[in-house]
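Q: Got a structure for you, written out below as structure tokens; questions coming shortly.
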Amino acid sequence: MKGTNLGEFEEVVLLTIAALLNDAYSVAICDEIARVTERKVKLSVVHAVLNRLEKKGYVKSHLGEPTKARGGRRKRFFTISHAGKVALTKVKEQRDQLWSLVPDFNLKFI
């Protein structure tokens with residue numbers, strides 16, 4: 001397994017997979033990230049991150065049924081593994097801990 005730390009975009013992709021539940025395939029993940037973050041997201045970058053997350057053991061994938069709409073091609077669906085849920089929870093706890101250390105006055109002018 002490659003490094004176990006989550007990069008910022010890896011975290012976003014994992015959260016998006018969690019949000020999409022059973023409809024998490026690369027194009028849907030890409031579209032949802034673009035919609036929520038309001039930034040351009042390249043499908044090739046999402047593919048690279050999905051491959052990396054799968055190598056780290058944070059996601060699992062399976063092929064769906066072929067569809068006529070896709071010319072008989074099948075979609076690859078992604079789900080979060082137990083290790084992925086643990087990694088996301090750890091990142092959330094770290095972020096919550098850091099946010100709790102920020103004094104209120106530091107955020108009033110942002």
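Q: Just by accessible area at a 1.4 angstrom probe, what is the order of Ser61, Ser100 from largest to smallest?
A: Result, largest first: Ser100, Ser61.
Q: For every helix of n ≥ 4 consecutive DSSP H residues, a contribution of -39,500 (n - 2.57) applies; sum these over the chain, divide by its total residues, and give [θ] at 222 nm rounded to the nearest 500 deg cm²/dmol.
A: Taking each H run of at least 4 residues, the total per residue is -17500 deg cm²/dmol.
Q: Suppose all protein chains stay in the model; what accessible area per residue would a 1.4 Å probe give for the chain, in Å²?
A: Heavy-atom SASA per residue in the chain reads 71 Å².
Q: Which ³J(HN,Hα) values in Hz, rounded to whole numbers, follow from the phi angles of the stretch 85-98 under the Karplus curve 6.51 cos²θ - 1.76 cosθ + 1.60, where θ = phi - 60° and Gly and Pro get x?
A: 5, 5, 5, 5, 4, 4, 4, 4, 4, 5, 5, 4, 5, 5
Q: In whole angstrom, note down how far apart the Cα centers of the stretch 1-55 and the stretch 70-99 are.
A: 8 Å
Q: Okay, moving on. Can you pull out the GluC sites (Glu not before Pro) in the stretch 37-100 whose DSSP state is coil and whose Cβ has at most 12 other Cβ atoms within 10 Å?
A: Taking the stretch 37-100 and a limit of 12 other Cβ atoms within 10 Å, the loop GluC sites (Glu not before Pro) found are Glu38.
Q: Can you pull the percent of the chain's accessible area that's carbon plus sulfur, 1.4 Å probe, other chains left in place?
A: Heavy-atom surface of the chain belonging to carbon and sulfur, 1.4 Å probe: 56 percent.
The values are calculated or read from the model by the stated rules, or taken from the named source; none is laboratory data. Given the structure is predicted, the values throughout are model-derived calculations rather than measurements. Here Cβ is always computed from backbone atoms with ideal geometry, including for glycine, and neighbour counts include all displayed protein chains. Areas reflect the complete protein model, heavy atoms only, side chains present, ligands, DNA and RNA absent. Shrake-Rupley method; radii C 1.70, N 1.55, O 1.52, S 1.80 Å.
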